[in-house]
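First up is the structure itself, then whatever we jot down about it.
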Amino acid sequence: RGKRAFIAGVADDNGYGWAIAKALAAAGAEILVGTWVPALNIFETSLRRGKFDESRKLPDGSLMEITKVYPLDAVFDTLEDVPEHVKTNKRYAGSSKWTVKEVVETVKDDFGSIDILVHSLANGPEVTKPLLETSRSGYLAAVSASSYSYISLLKHFLPIMNPGGASISLTYIASERTIPGYGGGMSSAKAALESDTRVLAYEAGRKGKIRVNTISAGPLGSRAAKAIGFIEKMIEYSYVNAPLQKELLADEVGNAAAFLVSPLASAITGSTVYVDNGLNTMAIAV
Ligand code: NAI
């Protein structure tokens, strides 16, 4: 049978999550996605109305099928963790079972198991603020949504992941070198994610024969990136300075992710893999 993938962090057809879903679908995987609750309605409506049909096209001409869309808010592990004002918020009250634990229970009831877990989500409410001006709550929110969310997803999915399976997340080089403008503790959150990748690779490898890697991706004009405010500048900087002078396509990250979760990468775990036209190797601006 084909492999089954759960991709957390898909809410439109512009981001890395969508591109990874497509690359996995093209390789024959069954696709389940987790969509942030506040973005769920518009995503499902757009899907249903055919707004994404052009970008659902796979290399063989068929359209990517998403077997099921799960509402998800990865900052909450269990229903008990959800504060009253969120429970009663009208964007949340319309859906149910969107905490991490409940989503995994539902996937288990629906399908029994998965083979591949993809984490393609991040959020930092104070991302536009320098670190020196970031509040404690803004910093902790960035780490909760962008780093711990991965630990939580892997922890809950691990018992229903088939041995030999794999997991991947997306990180950014601001974790290791200073990128002014990537603030609010998002640089810290990515540093945590990369460190956790190594530790989780050990723990999930020993516990469930699951591989854990992260892709350090170059700049892409996704919805999340546009909210940061300087993405066009970063894309231009990359084009001018990277060894490969070409636009970085989301599909290139999708293809690298498909490789990393496939048996072709069976000895790769705990790694941060750069998919950035080589920009990370440069020490000076050209
Ligand atoms: P995106 O906007 O397509 O994806 C981010 C997703 O996270 C959105 O669908 C959003 O709804 C979801 N999300 C936010 N908070 C959530 C929560 N609490 N629970 C569940 N979902 C939540 O944007 P993009 O850029 O493709 O982001 C995907 C990953 O790629 C992120 O980890 C990002 O940091 C990373 N990345 C992006 C780069 C870029 O230039 N766009 C560069 C390097 C890494």
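The values are calculated or read from the model by the stated rules, or taken from the named source; none is laboratory data. Note that the structure is a prediction, hence the values are computed from the model and not measured. Cβ coordinates were reconstructed from backbone atoms using ideal geometry, including for glycine residues, and neighbour counts include every protein chain displayed.
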message = Among the residues of segment 142-154, are any under 19 Å from Leu24 (Cβ atoms) and either more than 15 Å from the ligand (Cβ to nearest atom) or at pLDDT below 95 (or both)?
response = no
task = Mind counting the residues in segment 232-248 that are within 11 Å of the ligand (Cβ to nearest atom) and among the hydroxyl-bearing types (Ser, Thr, Tyr)?
result = 1
ask   = Is it true that some residue in segment 259-270 is in a loop (DSSP other than H, G, I, E, B), within 13 Å of the ligand (Cβ to nearest atom) and within 16 Å of the chain's Cα centre (by Cα)?
value = no
ask   = Does segment 228-248 include one or more residues that are under 26 Å from Asp77 (Cβ atoms), modelled with pLDDT of 95 or more and of a type in the set (Ser, Thr, Tyr)?
value = no
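If you take the residues in segment 215-231 that are over 12 Å from Ser120 (Cα atoms), touching a residue at least 60 places away in the same chain (Cβ under 8 Å) and outside any helix (DSSP H, G or I), which one is farthest from the ligand (Cβ to nearest atom)? Show your work before the answer.
Just the residues of segment 215-231 that are over 12 Å from Ser120 (Cα atoms), to begin with: 218-221, 223, 225-231.
Going one step further and asking which of them are touching a residue at least 60 places away in the same chain (Cβ under 8 Å), we end up with 218, 220-221, 223, 227-229.
Okay, now just the ones that are also outside any helix (DSSP H, G or I), so 218, 220-221, 229.
Numbers: Gly218: 6, Leu220: 4, Gly221: 7, Gly229: 12 Å.
Restricting to residues being over 12 Å from Ser120 (Cα atoms), touching a residue at least 60 places away in the same chain (Cβ under 8 Å) and outside any helix (DSSP H, G or I), the top hit is Gly229.
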request  = State yes or no: is Asp81 over 23 Å from Ala166 (Cβ atoms) and either within 22 Å of the chain's Cα centre (by Cα) or not aromatic (Phe, Trp, Tyr) (or both)?
outcome  = yes
inquiry  = Considering only segment 78-94, I want to know if a residue exists there that is buried (at least 22 other Cβ atoms within 10 Å of the Cβ), touching a residue at least 12 places away in the same chain (Cβ under 8 Å) and closer than 23 Å to Phe6 by Cβ.
reply    = no
ask   = Restricting attention to segment 159-181, which residues are more than 16 Å from the ligand (Cβ to nearest atom) and among the aliphatic types (A, V, I, L, M)?
value = Ile160, Met161, Ala166
task = Check segment 161-171 and report whether any residue there is crowded, with 20+ Cβ neighbours inside 10 Å, touching a residue at least 24 places away in the same chain (Cβ under 8 Å) and outside any strand (DSSP E or B).
result = no
ask   = Identify, please: which residue in segment 117-138 is outside any loop (DSSP other than H, G, I, E, B) and either charged (D, E, K, R) or more than 16 Å from the ligand (Cβ to nearest atom) (or both) and is, among those, nearest to Phe157 (Cα to Cα)?
value = Arg136
